[in-house]
C-alpha cells in the first residue's frame, strides 16, 4: 500500500492520498471542501482528487488507524470505499466523484470516503 495515510501529531494535521504511487500527477489546485473548513482537497489538472488534508479534530481519526490499515480502499457495490471508523453515516457530501461520509449531521466527523465515479479513479490507481 505504501504510506497513503499521514498524521503529524505536533500540528494535528493529517493527509489521505486517494491515488497510489502508480498515478502520475501534479497538483493543480487546492480547494477547501465547501461543507467543512477543516478539509482541503488537492486536485490535479484532470479534476481528479489526489488527496485530502485534514485539520484539527478531523485529523485525529487518522491517528487511530495510521498503522492498522492493511488496505486503503475496498470494493463496494458502487465503486470503492475507505472507512476510518464504523460509526453510522449521518451526513454525506459529493464532490468530484467522491462521497465524503460524516458521523455528524452537520458534515463534521469525517469517517469515510466512497469513490462513486470509478471511471475517474481506476482500480490500478486506487487499490
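Scanning the stretch 103-127 for residues that are assigned to a loop (DSSP other than H, G, I, E, B) and more than 20 Å from residue 46 (Cα to Cα) turns up 103, 104, 105, 106, 107, 108, 109. Selection of strands (runs of 3 or more DSSP E) fully inside the stretch 1-102 by the criterion of at least 2 residues being touching a residue at least 24 places away in the same chain (Cβ under 8 Å) and surrounded by 15 or more Cβ atoms within 10 Å (Cβ to Cβ) returns 5-8, 13-17, 39-44, 49-55, 79-83, 91-95, 98-102.
Can you spot a residue in the stretch 113-122 that is touching a residue at least 40 places away in the same chain (Cβ under 8 Å), surrounded by 17 or more Cβ atoms within 10 Å (Cβ to Cβ) and either touching a helix residue (DSSP H, G or I) at 6+ places or on another chain (Cβ under 6 Å) or over 23 Å from residue 22 (Cβ atoms) (or both)? Taking every residue of the stretch 113-122 in turn, none turns out to be touching a residue at least 40 places away in the same chain (Cβ under 8 Å), surrounded by 17 or more Cβ atoms within 10 Å (Cβ to Cβ) and either touching a helix residue (DSSP H, G or I) at 6+ places or on another chain (Cβ under 6 Å) or over 23 Å from residue 22 (Cβ atoms) (or both).
Each reported figure results from applying straightforward, stated rules to the coordinates on display, with no laboratory input. What you see is a predicted model; the values in this text were computed from it and never measured. Cβ: placed from backbone, ideal geometry, glycine included. Neighbour counts: every protein chain shown.
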